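Handing you a structure now.
The values are calculated or read from the model by the stated rules, or taken from the named source; none is laboratory data. Since we're looking at a predicted model, the values are computed, not measured. Cβ atoms come from the backbone with ideal geometry, glycine included; neighbour counts cover every protein chain shown.
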Amino acid sequence: MPSDSREALAAYRDGLDQVEQMEYYHEQLKVKKQHERQMVSSADSSQPMRSNVTKIDNSSLENDANKIIAQWLLQYLPHLNQEDLANYCKHLVDDGFDSVGFVEKELVSGDLVFMKKAHRRVMERHLRDWKQRGSDGEIE
């Protein structure tokens, strides 16, 4: 296969996307570990550990999920305006799609009814591509 063929270029872009996603996940893991260390170090050691767990701020967890989903959406809809982005993130996170893994594995076109028609079409095309790659054995 020539190195400048469409298939070779597509494979190269897919590889770059995978590396980018892997770097993103590692960065998210690093941020999460730092957050956990801060929670542990700032907790009063005289209180039982169970009370520390109940102090987790759900809004910060939702914000983290929204940020993750926002970055994922902008990957496929880079010109999305802020209002649509916030709306789409809220719908996806409220429906339980709070990680890229969940979205790319479980999302179906019926889950996107809240999107504007053009945005939904772009995402449905990507959904078909993911499902096709998954059925070809390229991704699991």
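Which of the residues that make up region 1-29 are within 18 Å of Ile69 (Cβ to Cβ) and of a type in the set (Ser, Thr, Tyr)?
The answer is Tyr24, Tyr25.
Sticking with this one: So which of Ile69, Ile56 is at pLDDT 70 or above and either out of contact with any Ser or Thr (no Cβ under 6 Å at 6 or more places or on another chain) or not in a helix (DSSP H, G or I) (or both)? Reasoning before the result, please.
Values: Ile56 fails: at pLDDT 70 or above.
Answer to the check: Ile69.
Say whether the condition of being farther than 26 Å from Ala11 by Cα, part of a helix (DSSP H, G or I) and not polar (S, T, N, Q) is met by at least one residue in region 120-140.
Within region 120-140 (the criterion being farther than 26 Å from Ala11 by Cα, part of a helix (DSSP H, G or I) and not polar (S, T, N, Q)), the answer is no, since none of the residues qualifies.
Residue by residue, here is whether (1) modelled with pLDDT of 95 or more; (2) assigned by TED's automatic domain parsing to the domain that holds Glu27; (3) of a type in the set (Ser, Thr, Tyr); (4) closer than 25 Å to Lys32 by Cα holds:
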site	(1), (2), (3), (4)
Pro78	no, no, no, no
Asp95	no, no, no, yes
Val100	no, no, no, yes
Phe114	yes, no, no, no
Asp129	no, no, no, no
Ser135	no, no, yes, no
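Return the residues of region 95-110 that are assigned to a helix (DSSP H, G or I), free of Cβ contacts under 8 Å to residues at least 24 places away in the same chain and under 23 Å from Gln21 (Cα atoms); say none if nothing qualifies. I'd like the intermediate steps shown before the answer.
First pass over region 95-110, keeping only residues assigned to a helix (DSSP H, G or I): 100-106, 109-110.
Those still in the list that are free of Cβ contacts under 8 Å to residues at least 24 places away in the same chain too: 101-102, 105-106, 109-110.
Scanning region 95-110 gives Gly101, Phe102, Lys105, Glu106, Ser109.
Met115 fails exactly one of the following numbered conditions: (1) out of contact with any His (no Cβ under 7 Å at 6 or more places or on another chain); (2) surrounded by fewer than 18 Cβ atoms within 10 Å (Cβ to Cβ). What is the number of that condition?
(2)
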